[in-house]
1. Any residue that is of a type in the set (Lys, Arg), part of a helix (DSSP H, G or I) and free of Cβ contacts under 8 Å to residues at least 40 places away in the same chain - is there at least one of those in the range 13-21?
2. Quick check on the range 157-179. Is at least one of its residues on the phi > 0 side of the Ramachandran plot and not hydroxyl-bearing (Ser, Thr, Tyr)?
3. Can you confirm whether Met209 is under 25 Å from the mean Cα position of the chain (by Cα), without any contact (Cβ under 8 Å) to a residue 24 or more places away in the chain, surrounded by 11 or more Cβ atoms within 10 Å (Cβ to Cβ) and part of a helix (DSSP H, G or I)?
4. Take the range 22-40 and flag every residue that is closer than 15 Å to Leu61 by Cα and assigned to a helix (DSSP H, G or I).
5. Those residues that are among the charged types (D, E, K, R) and either in contact (Cβ under 8 Å) with a residue 24 or more places away in the chain or in a strand (DSSP E or B) (or both), I need them from the range 141-158; list them, please.
6. So Ile190 passes all but one of these: (1) touching a residue at least 12 places away in the same chain (Cβ under 8 Å); (2) surrounded by 14 or more Cβ atoms within 10 Å (Cβ to Cβ); (3) not assigned by TED's automatic domain parsing to the domain that holds Gly17. Which condition number does it fail?
7. Go through the residues of the range 170-182 one by one and say whether even a single one is assigned to a helix (DSSP H, G or I), under 27 Å from Thr99 (Cβ atoms) and touching a Ser or Thr at 6+ places or on another chain (Cβ under 6 Å).
8. Any residue at all in the range 127-138 that's assigned to a helix (DSSP H, G or I) and exposed (fewer than 14 other Cβ atoms within 10 Å of the Cβ)?
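The values are calculated or read from the model by the stated rules, or taken from the named source; none is laboratory data. Remember, it's a predicted structure, so these values are computed and weren't measured experimentally. Note that we place each Cβ from the backbone using ideal geometry, even for glycine, and neighbour counts take in every protein chain shown.
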Amino acid sequence: MIGVLGCGNMADAIVRGIHRFDKSISFITYTPTKTRAQTLANAVDGRAVDDISEMNDCDILLIGCKPQQFAALAEELKKKLTRKNVHIVSMMAAIKLETISTKLGQKNITRIMPNTPIFVGKGVTLMTHSDQLEIGQRQKIESIFSKLGSLHLMNSENEFDQVMTVTGSGPAYAFLFTKTLVDKLVEWGIDPQSAKEMTIQMMEGSVEMMKRSEKDLTTLISDVTSKGGTTIEAIKVYEGNKLGLISADALEASLRRAKQLSEELSR
């Protein structure tokens, strides 16, 4: 049985995804107002509860609240969660395994970071475990999340936070770049719907080529360009404006914020 604390969009997508492939897993959901908890419970044949103390029968607790809400939630959980061998699965950004363990008085902890394409079954989920978590519990949770898309186990929390800047935040970067192309087509007079459809199809085709091709990315770029052609002129502008450096700076900024939040929320 999985208890769900916080039923925002990502937790909702995870729970619905799990329910699709395994109807034998039951869910208990909780939110302070109960509204979203009840909606999610109805969708997965689960049960919404009025109080956290009603989750003591759960083997796994999925914590899906905002990181800034965790301190208050931890205080309540520590008072009402009497079961000491529960497996805590946190999808909160920036909050370390040690912080979760200390604040909850629990030792079986897993951190996950899914991304929004999990909504369409194409998500990437990062995962890392506390050292104390037994192999059987690791295998169980890994089996569950491997059904929701691509699952990647991280060797350390530092690696987890670094990779998260790409896999977790990356959809926003992809949406932003796609938007710049769509906006330019619209500026040139292409109707917005056609501009969006053509650009997204171009993106989908390019991703499929990257997946299927044995060539490295540099070669794939070269294959599209030709000396004196049109594409190379666009590439020159990107390189001249240091697109690679901009991307690197963006990821470093994201990582700095993750570390800053981790320090703030560990107190």
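1. As a first pass, look at the range 13-21 and keep what is of a type in the set (Lys, Arg): 16, 20.
Applying the additional criterion that residues be part of a helix (DSSP H, G or I) yields 16, 20.
Add one more test, that the residue is free of Cβ contacts under 8 Å to residues at least 40 places away in the same chain, and what stays is 16, 20.
Scanning the range 13-21 turns up at least one residue that is of a type in the set (Lys, Arg), part of a helix (DSSP H, G or I) and free of Cβ contacts under 8 Å to residues at least 40 places away in the same chain.
2. No, the range 157-179 contains no residue that is on the phi > 0 side of the Ramachandran plot and not hydroxyl-bearing (Ser, Thr, Tyr).
3. It is true that Met209 is under 25 Å from the mean Cα position of the chain (by Cα), without any contact (Cβ under 8 Å) to a residue 24 or more places away in the chain, surrounded by 11 or more Cβ atoms within 10 Å (Cβ to Cβ) and part of a helix (DSSP H, G or I).
4. As a first pass, look at the range 22-40 and keep what is closer than 15 Å to Leu61 by Cα: 25-31, 37.
Within the range 22-40, Ala37 is the sole residue that qualifies.
5. Lys147, Glu157
6. The failed condition is (1).
7. Yes, there is a match, as at least one residue in the range 170-182 is assigned to a helix (DSSP H, G or I), under 27 Å from Thr99 (Cβ atoms) and touching a Ser or Thr at 6+ places or on another chain (Cβ under 6 Å).
8. Scanning the range 127-138 turns up at least one residue that is assigned to a helix (DSSP H, G or I) and exposed (fewer than 14 other Cβ atoms within 10 Å of the Cβ).
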